[in-house]
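So the structure is just underneath, and the comments pick up after that.
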Amino acid sequence: MSHLAHNKKLYLKILNDFLEDYENLKLEDLDDEEFKRQTHTIKGLSANIGATSLHKISIKLDESQNKDLLTEFYEKLNLVINELKNKLEPLESDVNVLKEDISPNLKDELFDKLRDAIKTKRPKNCEPVLDEINKYKLSKEDTLLFENIKKLIIKYKFKEAQNLFD
Amino acid sequence: MQKELSTILVVDDTETNIDILVELLGNDYDVMVALDGKSAIEIACEEEIELILLDIMMPDMDGYETCEILKSDLKTQNIPVIFITAKIDEDSIEKAYINGGHDYVTKPFKPKELIARIKTQLKLRSLIKHLEYISSYDMLCGIYNRRKFFELGEYKFGNERDDLFVIMIDIDNFKSINDTYGHPLGDEVIKSVTKTISQNLPNDSVFGRLGGEEFSIVYHSESKENVFQESEIMRKEVEKLEVFADNGDIVKFTISAGVVKNNAHIKTFDQILKEADFALYEAKGEGRNKSVFRD
């Protein structure tokens with residue numbers, strides 16, 4: 001992750017995503033194919049976040065698919081999860097930031113801009129529009145729509161985000 | 001911005017991997033994202049993708065299958081695919097190449113290596129595109145050259161449809177234009193004629209320069225009357241053209257056209273071109289600046 005050292009926001013997002021995705025992981029409940037896919041993914045992600053011990057046991061688990069290794073795997077995973085829980089602070093929230101009022105016309109204009117950006121299926125096109133809309137105080141209904149769309153964009157689910165608009 | 005940067009499609013079902021790739025590549029490339037193989041194929045068909053970074057382990061359709069489908073479709077088969085995966089065994093690597101992958105990068109990403117490999121594939125892609133261009137297009141007028149015209153024409157002819165037509169076109173008295181005003185002006189005339197014909201081409205036409213001042217068009221049409229009319233429109237549009245010579249002369253020029261329709265007696269593409277050539281000779285013999293249809 002040395003290449004991401006300058007990007008604290010992304011690094012924290014990756015750590016938070018790891019915590020959120022694997023805090024309640026139950027590999028034993030998965031069918032063989034999904035088990036294989038998950039162990040393989042964790043092998044890659046643990047290396048990304050620098051969790052060396054978890055990475056080592058994940059390699060063994062990925063290669064052997066031997067469920068006897070699960071006890072050791074969970075031990076290492078829980079160490080990482082607990083460390084993340086203790087050390088990670090919640091991602092910067094914008095709840096307390098003072099937001100500007102927005103006119104109906106500007107709101108429509110920005111939402112249209114966001115819809116166009118989503119259609120391009122390019123994260124870099126969506127980012128500035130999301131930031132721009134974030135500056136304004138929206139109605140309850142619009143806030144709900146915007147937050148849902150934002151969640152989908154962050155997860156790269158552009159089609160679903162587009163469907164929310166339509 | 002999107003047009004200047006090479007467009008890279010990242011295909012991975014794990015959000016974190018995409019986060020990292022978007023961060024790594026987002027400033028230097030136009031990055032698009034797909035979370036599964038099916039969406040990746042859709043995007044590759046719809047957009048001008050120049051490179052695909054493809055994960056192997058994905059639910060439903062894995063990276064191997066996705067790559068195989070991309071390679072079997074004319075629209076997407078030339079897009080280079082770099083597999084990105086945590087699989088490092090030799091069998092997986094071999095399978096990636098067998099299924100059409102151009103390169104293979106393991107996770108966790110080593111950014112400098114990944115970027116170097118991306119650059120290599122994009123450079124190769126751009127060189128191949130350039131080679132394809134210079135081996136397919138006429139350098140003077142930008143239409144298909146003889147080789148490409150025959151390749152595409154043979155393909156159309158091979159479909160054995162009897163609604164296939166060929167128009168053979170020649171610039172009238174071109175030698176005297178060259179002799180009087182010199183070759184640079186002759187080149188201007190060729191460019192002007194081909195530009196005008198290109199602007200009036202029916203859909204799905206194959207238009208090429210066979211050599212010198214001779215050109216040909218191959219296309220399908222519902223009726224010979226339509227084709228003849230289209231040939232006449234081109235001829236009349238060319239008749240309106242003018243090129244200015246260095247000595248102040250206004251140089252005007254015309255074309256003749258021979259038109260034929262495919263039929264059961266014609267067995268080869270060369271033969272239909274020969275028939276069109278006969279029709280062209282007739283047009284020349286009848287005083288030039290005209291279209292002749294030969295049954």
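We did not get these values from a lab; they are worked out from the coordinates using the rules stated. No experiment lies behind these values; they were computed from the predicted model shown. Here Cβ is always computed from backbone atoms with ideal geometry, including for glycine, and neighbour counts include all displayed protein chains.
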Theoretical ellipticity at 222 nm over the protein assembly as shown - DSSP helices of four or more residues, -39500 (n - 2.57) apiece, nearest 500: -17500 deg cm²/dmol
What percentages, rounded to whole numbers, describe P(r) for the protein assembly as shown computed over all alpha carbon pairs with 10 Å bin width beginning at zero? 4, 16, 19, 17, 14, 13, 10, 6, 2, 0
Taking just the C-alpha trace of chain B, give me its Rg and Dmax in Å. 25.4, 75
Return an integer: the convex hull volume of the alpha-carbon atoms of the range A:66-166, in Å³ per residue. 155 Å³
So what's the net charge close to B:E94: Lys and Arg +1, Asp and Glu -1, counting the other residues with Cβ under 15 Å from its Cβ? -3
For chain B, size of Cβ-based charge dipole, Lys and Arg +1, Asp and Glu -1, in debye: 1060 debye
Mind jotting down the three principal axis lengths of the range B:146-294 based on Cα atoms? Whole angstrom, largest first. 52, 29, 25
If you place +1 on the Cβ of every Lys and Arg, -1 on the Cβ of every Asp and Glu, and leave all else neutral, what size is the dipole of the protein assembly as shown about its Cα centre, to the nearest 20 Debye? 920 debye
Along each of the three principal axes of the Cα atoms of the range B:93-155, give the extent in whole Å, ordering the values from largest to smallest. 49, 25, 9
Could you give the semi-axes, largest first, of the ellipsoid that matches the range A:2-87, computed as the square roots of 5 times the alpha carbon gyration tensor eigenvalues and rounded to whole Å? 23, 13, 12
Charges on Cβ only, +1 for Lys and Arg, -1 for Asp and Glu, centred on the Cα centroid of the protein assembly as shown; of B:A279, B:I197, B:V243, which one is farthest towards the dipole's positive end? B:V243
Report relative contact order for the range A:2-87 in percent, whole number only (criteria: Cα-Cα under 8 Å, sequence separation at least 6). 28 percent
The range B:144-253: GluC sites (Glu not before Pro) falling in loop per DSSP and having at most 13 other Cβ within 10 Å: B:E160, B:E222, B:E242
Hand me the chymotrypsin sites (Phe, Trp or Tyr not before Pro) from the range B:29-90 located in a DSSP loop with no more than 15 other Cβ atoms within 10 Å, in residue order please. none
Along the charge dipole of the range B:7-134, which of B:I98, B:V81, B:I115 sits closest to the positive end, that is, farthest toward it, with unit charges on the beta carbon of Lys, Arg, Asp and Glu (+1, +1, -1, -1)? B:I115
If contacts are Cα pairs under 8 angstrom and at least 6 residues apart, what is the relative contact order of chain A in percent? 16 percent
Give the relative contact order (percent, whole number) for chain B; include only Cα pairs under 8 Å separated by 6+ residues. 13 percent
Using every Cα-Cα pair within the range B:249-295, state what percent have a distance larger than 12 Å. 60 percent
GNM top mover of B:P202, B:P80, B:P184 - chain B, alpha-carbon springs below 10 Å: B:P184
Sparse-neighbourhood loop sites, trypsin sites (Lys or Arg not before Pro) in the range B:18-81 - DSSP loop, at most 15 other Cβ within 10 angstrom: B:K75
